[in-house]
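The values are calculated or read from the model by the stated rules, or taken from the named source; none is laboratory data. Bear in mind that the values here come from a model prediction, so they are computed numbers and not experimental data. In this analysis, Cβ positions are derived from the backbone assuming ideal geometry, glycine residues included, and neighbour counts consider all displayed protein chains. Note: accessible area is taken over every heavy atom of the protein model, side chains too, but ligands, DNA and RNA are not part of it. Shrake-Rupley method; radii C 1.70, N 1.55, O 1.52, S 1.80 Å.
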Amino acid sequence: QLVYPYDFRLTEKEKTSICYLSFPDSYSGGLGDTQFSFRLRQSGGQRTTHYEDDGEYNREAPLTLQRESAHYFGYVYFRQVKDSSMKRGYFQKSLVLVSRLPYVNLFQSLLQLIAPEYFDKLEPCLEAVCNEIDQWPPPVPGQTLNLPVMGVVIQVRIPSRVDKPGSSPVKQFNQENLLPAPLVLPSIHELDLFRCFQPVLIHIQMLWELMLLGEPVVVMAPSPTVSSEMVLALTSCLAPLRYCCDYRPYFTIHDSEFKEYTTRTQAPPNIVVGVTNPFFIKTLQHWPHVLRIGELRMSGDLPKQVKVKKLAKLKTLDTKPGIYTSYKTFLHKDKTLIKRLLKGIQRKRPSEVQSALLRRHLLELTQSFIIPLEHYIASLMPLQRAITPWKNPPQIRPFRQEDFMKTLEHAGPQLTCVLKGDWLGLYRRFFKSPNFDGWYRQRHKEMTQKLEALHLEAICEANIVAWMKDKSEVEIVDLVLKLREKLVRARCQHLPVKEETLQRVGLYIETIIGSLPEDLQTVLHHH
C-alpha cells in the first residue's frame with residue numbers, strides 16, 4: 001500500500017516477493033500479532049545505496065554482521081484480528097522493515113513499538129517515525145548508540161570485529177541519566193538459541209555439522225515465526241566462522257526461486273530454507289535433510305525431542321516431526337552438554353543462561369575445528385626477512401590439503417575438544433563446502449594485504465639514496481611509478497599500514513623525483 005521513505009526504489013519483482021513474504025502462506029487460525037523475518041535476493045542489478053561507507057562498516061563489523069550487497073532482509077509484524085466490516089471477516093495487515101543489515105533483535109524490537117501505533121493511526125505515524133530514524137547516527141562497530149523513537153530510547157551496542165568471541169556484550173553502558181530510562185537490548189542480533197533449538201537439543205551436534213558442511217536443509221515449521229527463527233539460529237551457530245551459503249528464513253511457493261530449488265534435474269543448492277506450506281513436503285522430498293518441527297510439546301518438564309528418521313518416511317502431508325536424513329555424524333554426541341541443559345530445565349534456569357551455555361558450546365566446537373586451519377594457513381605466509389624493499393613481495397604458499405592433514409596428528413582439534421570421532425573425515429568434507437572457500441578467500445585476502453603492508457614498511461626502512469647511486473634513469477622512473485601505484489592501492493584498500501609510513505613513502509617519491517633532470521620532473525609531476 002505504501003513505502004517509506006517515498007524515494008526508496010524497489011523493482012516490481014522485489015515488490016511482489018515482499019508482498020508474498022509478508023504474510024503467512026499456510027492457513028493459520030491464530031489471531032493476534034506475529035513477527036518473523038525473511039531474506040530476499042535483490043533483483044535488477046546493484047543499486048547505489050544511501051551508504052557510501054559500506055566499505056568502512058564492513059571492514060570493522062564482524063563477518064557475520066556485514067551489510068549484504070545482493071540481498072535484503074525483511075522484518076515483518078503481521079496482525080490478524082476479527083473484523084466484521086472487512087470482506088473476509090478479518091483485518092490482516094503487515095508492516096515490513098527492509099534493511100541490508102542482519103540486526104534481527106533491533107529491528108523486531110523497533111517494529112514492536114511502531115506497528116501497533118501504525119495499525120491504529122496509519123500514515124502520519126510512519127512519517128513521524130521515519131523522520132526520527134533519519135536522525136539516527138550510522139552504525140559504527142564498537143559504539144553504543146542511543147536511538148530515540150516514539151518517546152523511547154533504544155540502546156544498543158554495535159559489535160566489532162575486534163570483540164573477543166563469546167564475550168558477553170559490554171554492560172557499562174553510558175547511563176547519562178537518560179530519561180525515560182532507555183530500552184537496553186543486550187544484543188543487536190543474537191537470538192534466544194535455547195528457545196529456538198528446544199525440540200532439537202539432542203541433535204545440536206548433527207545440525208552444527210550440516211551447517212559447517214553447507215548441506216542443503218529444509219526446515220518445515222508450523223509458522224513463519226518458527227521457521228525464520230530456526231533458520232537464523234542454524235546459520236548463526238558457526239560464529240565466528242561465517243556461514244557462506246544462501247539461506248531463506250521463510251520461503252513461499254510464490255518465490256521467484258521456487259523452480260530453482262524444487263527442480264529434480266540437478267542436486268539441491270547449498271541453502272537452508274524455511275517453509276510452512278505442507279505442499280513443500282512433496283516438492284522438496286528429494287532434498288537430503290528435512291527438519292520437520294511441530295508446535296512445541298512438553299513431556300513433563302522437558303521439551304519433546306524430535307527423532308532422526310529415514311527420508312523414505314517423508315511421504316504424506318501429515319508428516320510427523322523429525323529430522324529426515326540418512327546423514328551419519330562424523331563426531332560423537334556431547335552427552336555432557338545435554339545433561340547440563342536438562343539440569344538447567346529442571347532447575348528452571350532462565351532461558352538466557354541456557355542460551356549462553358549453548359552458544360559457548362558451539363563457539364568452542366567451531367574454534368576447535370578452525371584453530372588448526374588458522375595455524376596451518378599462518379604457516380604459509382613468507383618469512384619477514386624474505387621481504388626486501390626493491391623486489392616484489394614473495395607469494396603466499398598454496399594451501400595443500402594433504403599437508404594440512406599431516407599437521408593434525410600433533411596439533412589437531414583433540415587438543416582443545418573432548419569430542420571423539422572422525423575429525424579427518426569432517427575436514428575432508430569441509431574442503432568441498434562453500435564455507436571453506438569463503439573462509440580461505442577471506443584469509444588469503446587479509447594475508448595479501450598484510451604482505452603489501454610489510455613491503456611498504458620495508459621500503460620505508462631502506463636507504464633510498466644508496467640504492468639510486470648506480471641506477472639508470474629508466475630504473476628510477478620505474479621505481480617512482482611503482483611506488484605511486486603502491487601508495488594508491490594502500491589508500492584504496494585501506495591496508496593495515498600506519499599513516500606515517502604512507503607519508504614517508506610519499507616523501508620518498510618527492511625526493512627521488514627531485515634528483516632527476518628537470519624535464520623528467522615535469523613529466524612525472526603531471527603523470
Filtered residues of the range 31-70 (kept if at pLDDT below 85 and open to solvent by 40 Å² or more (accessible area, probe 1.4 Å)):
Leu31, Gly44, Gly45, Gln46, Arg47, Thr48, His50, Tyr51, Glu52, Asp53, Glu56
Members of the range 229-253 that are hydrophobic (A, V, I, L, M, F, W, C) and either open to solvent by less than 10 Å² (accessible area, probe 1.4 Å) or within 25 Å of Ser368 (Cα to Cα) (or both):
Met230, Val231, Leu232, Ala233, Leu234, Cys237, Leu238, Ala239, Leu241, Cys244, Cys245, Phe251
Checked the range 114-156 for anything assigned to a helix (DSSP H, G or I), touching a strand residue (DSSP E or B) at 6+ places or on another chain (Cβ under 7 Å) and open to solvent by 50 Å² or more (accessible area, probe 1.4 Å); matches are Glu132, Ile133
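Restricting the range 288-345 to residues that are outside any loop (DSSP other than H, G, I, E, B) and hydroxyl-bearing (Ser, Thr, Tyr), which is most open to solvent (accessible area, probe 1.4 Å)?
Narrowing the range 288-345 to residues outside any loop (DSSP other than H, G, I, E, B): 289-292, 298-299, 302-303, 308-309, 311-313, 322-325, 331, 335-345.
Narrowing the set further to residues that are hydroxyl-bearing (Ser, Thr, Tyr) leaves 299, 324-325, 336.
Details: Ser299: 65, Tyr324: 6, Thr325: 9, Thr336: 86 Å².
Taking the candidates together, the pick is Thr336.
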Condition met for Val477 (surrounded by 16 or more Cβ atoms within 10 Å (Cβ to Cβ), outside any loop (DSSP other than H, G, I, E, B) and not hydroxyl-bearing (Ser, Thr, Tyr))
yes
Selection within the range 257-284 - open to solvent by 60 Å² or more (accessible area, probe 1.4 Å) and out of contact with any Gly (no Cβ under 9 Å at 6 or more places or on another chain):
Lys259, Glu260, Arg264, Thr265, Gln266, Ala267, Phe279, Lys282
Pairs returned, first residue in the range 100-126 that is among the basic types (Lys, Arg), second residue that is open to solvent by 20 Å² or more (accessible area, probe 1.4 Å), beta-carbon separation under 7 angstrom, 6 or more apart or interchain, are Arg100/Glu68
The one condition Lys339 fails out of (1) under 28 Å from the mean Cα position of the chain (by Cα); (2) farther than 23 Å from Gln442 by Cβ; (3) not aromatic (Phe, Trp, Tyr) is (1)
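Across the range 498-525, what is the total count of residues that are outside any helix (DSSP H, G or I) and either at pLDDT 85 or above or open to solvent by 40 Å² or more (accessible area, probe 1.4 Å) (or both)?
Here is the first cut: in the range 498-525, the ones outside any helix (DSSP H, G or I) are 498, 515-517.
Filter once more, so that each one left must be either at pLDDT 85 or above or open to solvent by 40 Å² or more (accessible area, probe 1.4 Å) (or both): 498, 515, 517.
Looking only at that region, the number is 3.
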Do the conditions hold for Leu373, that is, is it part of a helix (DSSP H, G or I) and more than 27 Å from Thr448 (Cβ to Cβ)?
no
So which pairs qualify, if the first residue must be in the range 28-41 and among the β-branched types (Val, Ile, Thr), the second must be at pLDDT 90 or above, the Cβ gap must be under 9 Å, and the two must be at least 6 apart or on different chains?
Thr34/Val76; Thr34/Tyr77; Thr34/Phe78; Thr34/Arg79; Thr34/Ser223; Thr34/Pro224; Thr34/Thr225
Test Ser379 against the stated conditions and say whether it is polar (S, T, N, Q), over 30 Å from Leu481 (Cα atoms) and touching a residue at least 40 places away in the same chain (Cβ under 8 Å).
no
